[in-house]
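What follows is a single structure, written as structure tokens, with notes after it.
Nothing in this text is a laboratory measurement; each read-out follows from the coordinates by a stated rule. Bear in mind the structure is a predicted one, so any value in this text is a computation, not a measurement. In this analysis, Cβ positions are derived from the backbone assuming ideal geometry, glycine residues included, and neighbour counts consider all displayed protein chains.
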Amino acid sequence: MTLHELGHIIAAVVFKQRVYSIRLLPIGLSSEIDDPAFGGWKVIVVSISGPLSNILIVLVLILVKTYYFFLPEYFHNVLYLNTCLALFNMIPVLPLDGGKILKIILTRKFGIFSSYINTKRISLLLAILFVIVGTFQLIAGSYNFSLLAIGLYIFFHLKTRDMEASLMNIKDIVLRRSRLLKKGIYPARHIVVLKTVRISDTLKSMDFDRFHIVYVLDDNLGLMKSFTEQQIMDLALKYDASITFEELISMER
């Protein structure tokens, strides 16, 4: 566990990701590292560095075993434990490393909110599978609670982080403004919404690494008004993100 976390920490330092905290627990180190949705391949490398450190340990132990026939019994336990940790953490569910990697890959194609929803659905399906298999294990007389515990842990984690995707989308929009001002040129995406759509729903539909221009249509599909994403953010803070565009346009007259 300690070497696994050290892998994450070293990679985060190399790629200049913020390490918020490092704690020493009875089972080893625990770290809290910034997980920006817009971090791209650097976040993937930081996420995969933990399992890679476990794989490295496995390879070293295999080499040692190859040249030294007689090994202490705990060597085999360490080999087994690190193999399990590497495979377990690459399962594509949140909050495991595999889930974070899947979320980053989907973010580049579907946007932050949609990628979170899709990753969450995959996580829920696997959590249900873990709970079902774990329950059958208990019914069959096995005292292995690991799969059941993993499934319940995933359920708890997803329940406590439902608002995170919306907050990440807002954070990405705020940072996108500074990137646009710095570059001077930026790829754009047009979004068409009806006047009855809420501002919050529009923010959720915005993509990764695109500057958005939103066109608001009336019931006859005529153009009422257009907004840039920065204008929408400013107006959401000024009024309320839960209002519709029809209400927003009326307030701005």
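Pairs 65/120; 16/65; 109/195: which exceed 30 Å Cα-Cα? Check vs 30 Å cut-off fails for 65/120; 16/65. The label point for residue 19 and the one for residue 153, both projected 7 Å from the Cα toward the Cβ, are 2.2 nm apart. Sorting 226-234, 56-64, 88-96, 44-52 by their mean Cβ neighbour count within 10 Å, with the most densely packed peptide first, gives 44-52, 88-96, 226-234, 56-64.
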